[in-house]
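Student: Here you go, one structure.
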Amino acid sequence: MSAIVLEAKHINKSFHDPITIPVLKDISFQLRESEFVSIIGKSGCGKSTLLYILSTMDTDFEGELLINNQSVVGETDAALALIRNQHIGFVFQFHYLLNEFSVLKNVMLPGLKLGQYSAAEVEHRAYEKLRILGIEKEALKKPNQLSGGQKQRVAIARALINDPLLIMGDEPTGNLDKKNSAIVFDIFKELAASYKQTLLIVTHDNEFAANTQRIIEMEDGKIIN
Amino acid sequence: MKYKLIADIAKSLLLARWKQTLIAAVGVTFSITMFITLLSFMSGLNNMLDGLILNRTPHIRLYKDIKPNAQQPITLAKKRDTTYNFIHSIKPKRERIELFNSATIISALKEDKRVLGVAPKIATQIFYNVGVMNITGVINGIDIEAESKLFFFKDYVVAGNFMDLKNVTNSIILGKGVADKLMLNIGDVIQVTTNKGEQLPLKVVGYFQSGLLDIDKSQSYCSIATTQKLLGEANNYITDLQIKLKDVALAPPMAKEMQEKFGVDAIDVQTANAQFETGSSIRSLISYAVGITLLIVAGFGIYNILNMMIYEKMDSIAILKATGFSGNDVHAIFISIALSIGIVGGAGGLLLGFGLSSIIDQIPFNTASLPTVKTYPIIYNPTFYIIATIFSVVTTYFAGFFPSRKASKIDPVIIIRGK
């Protein structure tokens, strides 16, 4: 049995403005190492909200969340930032690359922030990640010179730079055409198969979800499957 | 390592909006330039105006005042409980106005470590005789060397050689106003009458211009020996002792001390010229206020630009936070942006301020009342530069503080979900 990477215990969340609406009701599940999991559900069922809670960016919830067997409830802003930096890689619907920096630097930034390796090593690792994703040729360009699919791959490389326990994706193919979606999906699959990377992807693309190892289906703030 | 990364990110954000950044920095440069120039010019002016009076004013003046004796004969009588003495119309008795033991006092003062120097002086009323007219005036008998060393006497002698006063017997340096009125040239002889009726011819060896018209129209200078001769007094006759101290702030207590010690009257410069202190400090206050206002306005410029930058870079901030930069890191990034604007702009301002004051220092400024001043007065005081540096850093820090705090509080979830 492989180790538990992330565990959610009885997570509840409500929006209070203007009236209290419960969005997540008693969510409990576990995520094990090298699992490739997708969360699906209709728009507004709370799947993105759940992802942001799991990512530690949203701390306004009830219940317990363990990442790498450590509770993150009540941690300080700086401690949560470190957890995200070290253990979690993000891929969003939008790439969110910084246009002021080169592609390479964008990938390097979280690595430089963690400071585990020297700048030269981080650069070397960044090149390696870009090579895995097949875009090492674009390393010195600015993000706004790349195509949408390439940008998303750079974002994936950035998520990988610190060898995270877990990669989270929020509709990572949502903005891409069919061909690029397929490329991104293949990358995820490759990461899961060859690199034993744990992946948690929120999507409403059922075709995408069908190809993952495990599907968590949500409806009205509850896990139904 | 981490500071380097933060500095690196700050630099990239700065350069991405370099035009705006430049404008913000120019705002700081301008205000620091004006701050420095204003203060240098204003204190130059202050010094000049104060110098007009205070340079030539002794820190303490010892003299003998004409006043009624405090010990009237009746007070010697036995005092009864039920009576009180009223004396009407007390007059000072005939007293000499010279300082009695002036030689002793001078040697005592020269021993005193707080005293920079002592210049003896005789002031006496006289008449200048022109034809049938007698014009009243004052002759100051001075020790030329001491007067020149302590009170910059030679700076005010606009024509002739001031040392001639000592080297030529029976010589006089006339006030410029007196000379103009009497139409006397250097080398001419003037008749002077004392209030006791004695007359003496004196040779004009120079003109004197203090910048204060009233003084120039009545006062003239002779050597002490000439004045004593004019008055028919012995060579120990001195009416005033002018004392210059090493620290002018000590003048009031020392004046009191000397008054008791030597049994003479003493007045300190602070009491005699209180209005000058007030004028100078208010002028400095105004220039500081204007300078600081300029800086605060520049601070608002920085505040605006940072605020705009944060709105524009909302996405970048969100992703930085999502990938592991804490609120403090984001705060540090924007504070570094603000501080680098402040430091670069401030450094430019220091240089330009120095340049501008040097240029003003070269502009000719000739005025009849100020013979020693040829250009606009400027003071190069390192204190102004230090204050300007501190203020540019402090204002930009505060201008950056609130936008930075706002940036550090940005919730990445809201921005990322908003797309």
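Coordinate-derived values only; no laboratory data. Keep in mind the model is a prediction, meaning the values are calculated, not measured. Glycine gets a Cβ as well: all are built from the backbone with ideal geometry, and neighbour counts include every protein chain shown.
Student: How are the alpha carbon pair distances in region B:91-240 distributed across 5 Å bins from zero to the largest one, expressed in percent?
Tutor: 2, 9, 19, 22, 19, 14, 9, 4, 1, 0, 0
Student: Assuming a strict under-26 Å limit between Cα atoms, what lysine pair count do you get for region B:188-324 once near-sequence pairs (fewer than 8 apart, same chain) are dropped?
Tutor: 10
Student: Oh, and also: Can you put A:195, A:96 in order of Cβ neighbours within 10 angstrom, beginning with the fewest?
Tutor: On the way: A:195 12, A:96 24.
The most exposed by this proxy come first: A:195, A:96.
Student: Let's test the formula: R0 of 22 Å, r as the Cβ-Cβ distance of residue B:214 and residue B:183. What FRET efficiency results, to the nearest 0.05?
Tutor: Details: r = 20 Å, r/R0 = 0.90.
The computed FRET efficiency comes out at 0.65.
Student: Please give the net charge around residue B:334, taking every other residue with its beta carbon less than 11 angstrom from that of residue B:334, where Lys and Arg add +1 and Asp and Glu add -1.
Tutor: On the way: positive: B:313, B:405, B:406; negative: B:329.
Charge balance near residue B:334 sits at +2.
Student: Would you order A:153, B:283 from fewest to most other beta-carbon atoms within 10 Å of each residue's own beta-carbon? Please list the in-between numbers first.
Tutor: Details: A:153 26, B:283 15.
Exposure proxy ranking, most exposed first: B:283, A:153.
Student: Continuing with this model, one more query. Starting from the Cα of residue A:189, draw a straight line to each of the lysines and keep only those under 17 Å, dropping any in the same chain fewer than 8 residues away.
Tutor: The reachable lysines, counting only those whose Cα sits under 17 Å from residue A:189, are A:129, A:178, A:179.
Student: Return the calculated 222 nm mean residue ellipticity for chain B, to the nearest 500 deg cm²/dmol, obtained by summing -39500 (n - 2.57) across DSSP H runs with n ≥ 4 and dividing by the residue count. All intermediate terms of the calculation are to be shown ahead of the outcome.
Tutor: Values: 15 runs with 224 residues, N = 419.
Value at 222 nm, helices only: -17500 deg cm²/dmol.
Student: Considering all alpha-carbon pairs of region A:52-115, what whole percent are spaced by more than 15 angstrom?
Tutor: Across region A:52-115, Cα pairs with separations above 15 Å total 58 percent.
Student: Most fluctuating residue of B:206, B:197, B:27 in a GNM of chain B with Cα springs under 10 Å: which is it?
Tutor: B:197
Student: So, one more: Stokes-Einstein at 37 °C, 0.692 mPa s, Kirkwood radius from Cα pairs: D for the protein assembly as shown in µm² s⁻¹?
Tutor: Working: Rh = 32.6 Å.
For these conditions, the coefficient is 101 µm²/s.
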